[in-house]
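Remarks on the structure that follows.
Where a number appears in this text, it was derived from the coordinates with a stated rule and is not lab data. The shown structure was predicted, so the numbers you read here are calculated from the model rather than taken from an experiment. As a convention, Cβ positions derive from the backbone with ideal geometry for all residues, glycine included, and neighbour counts pool all protein chains shown.
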Amino acid sequence: MTLRLGFVPGATPDKWARAWRDRSPEPLEMILLEETDTPRAALDEDRVDMVLGRMPIEGDDLFCIPLYEEQPVVVVGKEHPAAAYDELTADEFADEQWALGVPEGITSRVEQLPFPPMTWKDAIEVAASGTAVVQVPMSVARLYQRKDVKAVAVTDLPTTRMALAWRKVDDGERTQAFVGVVRGRTTRSSR
C-alpha cells in the first residue's frame, strides 16, 4: 500500500522521502498541493494520508506535529529601494502597495489598490513589474525565484510554522514509521 504525502508549495520533504525509501519497502507518493488547496481539505477528501503544510492545521480529529519555522520576506523588484538591503523592519514597508493584501504585522499608510486574486507566483511577477510588493515565506520566495526580484527578510514579522498532520483514524504503524523518519529516528531507535 502506498503512503501518500501531500505538501504545500515551498515545503521540502525530499530528505524525509529519501529516508523513507531507504527504510521502507512501501512506496511513497509525493503530492504537491495547489496553492489554493488547504492541507485540511486534502486530508478530509482522502487525497493524502499525511500532509506537510503551514499551520494552523486544526481539528480534534488530527495529529499535528510542529516542525520548523519559516522566515517571512518581502519580495520586491530589483529597482525597488528595499532591494539594496538584506533585511528590514515591517515599518519600512508601510507606504507600499501589496499584491496579496497588507500582511499581518504591517500597518499600511496608503490606500491599497484593488488587485484581483492571484497566486504567489503571479504576485511575485507583479512585484517584478514594480507595481506592488508581496510578503511570502522564504521557502516560497526561493521556489519562485527570479532574476528581476529580491527577497528582503523582515525581522519583526511573525514567522510561518510548518507541521506534519494526519487523521487520528489513520494513525498506525505506517504513519508512526513516517513520523519517526521526520523526527530523525534511526531504524534502531524506538519511540
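Some notes on this structure:
- Residues whose amide H comes within less than 5 Å of that of THR119, counting only those at least five positions distant or on another chain, are absent (H built at 1.01 Å from N in the peptide plane).
- Using R0 = 30 Å, the C-beta based FRET efficiency linking ASP22 and MET118 works out to 0.15.
- Across the range 72-154, Cα-Cα pairs more than 16 Å apart make up 43 percent of the total.
- Extension gain (nm, one decimal) between LYS15 and ALA94, 0.36 nm per residue minus Cα-Cα: 24.6 nm
- Here the peptides 13-23, 74-84, 125-135, 104-114 are ranked by packing, the mean other Cβ count within 10 Å, and the order with the highest first is 125-135, 74-84, 13-23, 104-114.
- LYS78 versus VAL102: modelled label distance in nm, points set 7 Å from Cα along the beta carbon direction: 3.1
- Vicinal HN-Hα couplings computed from phi for the range 11-23 (Karplus, 6.51 cos²θ - 1.76 cosθ + 1.60; Hz; Gly/Pro x): 5, 10, x, 4, 5, 6, 5, 4, 4, 4, 4, 6, 9
- Normalising the Debye intensity of the range 106-167 to I(0), with uniform scatterers on Cα atoms only, and taking log10 at q = 0.14 Å⁻¹ returns -0.51.
- Separation between Cα centres of the range 47-73 and the range 115-179, rounded to whole Å: 13
- Percentage, to the nearest whole number, of Cα pairs in the range 15-101 over 14 Å apart: 76
- Close amide H contacts of GLU70 (hydrogens built in the peptide plane, cut-off under 5 Å, sequence separation of 5 or more or a different chain): THR160, ARG161, MET162.
- For the range 82-96, the Karplus equation 6.51 cos²θ - 1.76 cosθ + 1.60, evaluated at θ = phi - 60°, returns couplings of 5, 5, 6, 10, 8, 8, 9, 9, 4, 4, 5, 10, 5, 9, 9 Hz by residue, with Gly and Pro reported as x.
- Backbone HN-Hα couplings from phi across the range 160-168 [Karplus 6.51/-1.76/1.60, Hz, Gly and Pro as x]: 9, 10, 8, 8, 9, 10, 7, 6, 4
- Sequence-separation-based contact order of the range 72-154, relative, with Cα cut under 8 Å and 6+ spacing, percent: 52
- Degrees separating the helix 173-182 axis from the principal Cα axis of the chain, which is the longest one: 40
- For the chain, built as a Gaussian network whose Cα springs stay under 10 Å, the top-fluctuating residue of MET138, MET50, MET118: MET118
- Bins of 10 Å from zero: percent of alpha-carbon pairs in the chain: 9, 32, 29, 19, 10, 1
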